[in-house]
Amino acid sequence: MTAADDGLWFRRLSGPPPGPETLGLLCFPPAGAGPEAFRHLSGPLPDIAVWAVHLPGRGSRLGEEPRRSLDGTADEIAGRLASWPGSAHPYALLGHSMGAALAYAVAVRLARLPIRQPCALVACARDAPGHPARRRPVAHLPAPLFAEHLRRMGGTPAEVLDDPAVFAVFEPMLRADFAAVEHWRPRPAPPLRYPIAVIGSRDDPETRPGGLAAWHALTAAACTLDWVPGGHFFPSRHPRAFAEALSRRLPTGRQQAAGLGPQIESRF
């Protein structure tokens, strides 16, 4: 493993450079997305160093084989985090949809490693791991039905779905992402020792209030649930409201340096 290899996986998007008084936010994208899914945070969170995980099979890594195992991907990321520049300073993990499951799986693995631990986990638009899925599996569907499901969800650009030749380029990666989540069976793990902040939307068809609330069982610290408008893709559709929710729940790097925890004051 080389520094160049690690640079493929972690993309710095915005904010100040890593430092003892700068909070790093490492973001895990939803299915089919790359680091650009979090560029909307650069304006509302100017004091936070926003990073994103760059998964194989998309963006500049389009030519690489997409991963079909969420556990395998979590192993790869956790093994590389020690050399990520942000891991030497206060940082939090944030995941949206599939990314929330992946961020949690990475957090479980980090708890077993002798490295600096995150100060918080932010789970967006995803029911707690192990909670029954709200929709049926779709990764196996024929191409027209799979594309129609993506269209209904609303997160895939129309130019990808409307052109069969373009869709054929992205289809393997999209199917791999959905398969990874649908086949994932999280193993029991000790509760995390830092807070979980859950952010959801009441009009998200992919989650249930009970599924979002179930995250509280995965931490020995505090857990909260904030609501943001905008459906499943609220982080990009309502970035200001999303950033406001994050600001309430994340500490500043200065607070971390002083030994203060995130602004999560209550359990469910």
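The values are calculated or read from the model by the stated rules, or taken from the named source; none is laboratory data. Here the structure is a predicted model, which is why all the values come from computation and not from measurement. Cβ atoms come from the backbone with ideal geometry, glycine included; neighbour counts cover every protein chain shown. All accessible areas refer to the heavy atoms of the entire protein, side chains included, with ligands and DNA or RNA removed. Shrake-Rupley method; radii C 1.70, N 1.55, O 1.52, S 1.80 Å.
Key figures for this structure:
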quantity	calculated
Pairs with Cβ under 8 Å, 6+ apart, first in the range 127-154 and within 21 Å of ALA197 (Cα to Cα), second modelled with pLDDT under 90	ASP127/ALA133; ASP127/ARG134
Subset of the range 1-59 that is in contact with a helix residue (DSSP H, G or I) (Cβ under 7 Å, 6 or more places away or on another chain) and of a type in the set (D, E, K, R) - its residue that is modelled with the highest pLDDT	ARG11
Residue that is under 15 Å from the mean Cα position of the chain (by Cα) and of a type outside the set (Gly, Ala, Ser), where the choices are ARG67, ARG39, ARG80, ARG61	ARG39
Selected residue (only one of ALA103, ALA125 is open to solvent by less than 10 Å² (accessible area, probe 1.4 Å) and farther than 28 Å from GLU21 by Cβ)	ALA125
Answer from GLU244, GLU265 - the residue that is under 26 Å from PRO190 (Cβ atoms), open to solvent by 70 Å² or more (accessible area, probe 1.4 Å), modelled with pLDDT under 95 and among the acidic types (Asp, Glu)	GLU265
Residue under evaluation PRO29, criteria (1) open to solvent by 10 Å² or more (accessible area, probe 1.4 Å); (2) in contact with a His (Cβ under 7 Å, 6 or more places away or on another chain); (3) closer than 23 Å to GLU171 by Cβ; (4) not hydrophobic (A, V, I, L, M, F, W, C), criterion not met	(1)
Residues being basic (Lys, Arg) and surrounded by 22 or more Cβ atoms within 10 Å (Cβ to Cβ) - total across the range 195-221	0
Criterion: part of a loop (DSSP other than H, G, I, E, B), free of Cβ contacts under 8 Å to residues at least 12 places away in the same chain and farther than 20 Å from GLU171 by Cα - qualifying residue of PRO114, PRO17	PRO114
Qualifying positions in the range 25-78 - in a strand (DSSP E or B), of a type in the set (Val, Ile, Thr) and closer than 17 Å to VAL181 by Cα	VAL53
Selection within the range 155-174 - touching a residue at least 60 places away in the same chain (Cβ under 8 Å) and under 21 Å from the mean Cα position of the chain (by Cα)	GLY155, THR156, PHE170, PRO172, MET173, LEU174
Matching residues in the range 163-194 - criterion: being farther than 29 Å from GLN117 by Cβ, aromatic (Phe, Trp, Tyr) and either open to solvent by 30 Å² or more (accessible area, probe 1.4 Å) or not in a helix (DSSP H, G or I) (or both)	PHE170
